[in-house]
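Reviewing the structure listed below.
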Amino acid sequence: GHSGCYFIFRQSMFLLKDVVVLVELLNLQIRSLSFILNHFVVVLIMAKRFATQLFVSRLSAYTTEPSLRQLFSPFGQIKDARLIRDPETQRPKGFGFVTYESEDDARKAIKSLDGKIVDGRLIFVEVAKNAEEVTTNMNSGKAQDHE
């Protein structure tokens, strides 16, 4: 009967080793999962931050900051309205950013103003992806969306 006992003991040792490996694997999984979750939270926070900032394009050259603000103010409290200007000529480039205090107001503005005609021009209003990104894109002359 001794050999049988020893055999079971050996088997359980192997199992133990497997369990240790499994635990290590799980540990890795949990670590990468928490990394993914953290990343996701950061992305959500970023999205939250930018959901109140709108990118307005195809504006008339006669648009001024006050008129931009005036155009968007019926929809809610505006934190900031700015036009992007050509660094040399200081003339507006036909696009700008409007930032609202609340996300709902920003949404209402998009609904009401996107695709509307203002000063004889069809304007586009969308959530700004990232202020820097959009401006550098425009400067390089190719304003494509990157999803």
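The values are calculated or read from the model by the stated rules, or taken from the named source; none is laboratory data. Because the structure is a prediction, the values reported are computed rather than measured. For accessibility, only protein heavy atoms count, side chains too; no ligands or nucleic acids. Shrake-Rupley method; radii C 1.70, N 1.55, O 1.52, S 1.80 Å.
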Inset, instruction - Output ³J(HN,Hα) for the stretch 64-69: one whole-Hz value per residue in order, computed from phi by the Karplus curve 6.51 cos²θ - 1.76 cosθ + 1.60 with θ = phi - 60°, and x for Gly and Pro. - result: 10, 4, x, 6, 5, 4
Inset, instruction - Could you state how much accessible area VAL20 has, in square angstrom rounded to the nearest 10, with a 1.4 Å probe and all protein chains kept in place? - result: 80
Inset, instruction - For the stretch 87-92, just list the computed ³J(HN,Hα) in residue order, Karplus coefficients 6.51, -1.76 and 1.60, θ = phi - 60°, integers in Hz, with x standing in for Gly and Pro. - result: x, 7, 8, 6, 7, x
Inset, instruction - Consider all pairwise Cα distances in the stretch 53-127 and report the whole-number % of them above 17 Å. - result: 35
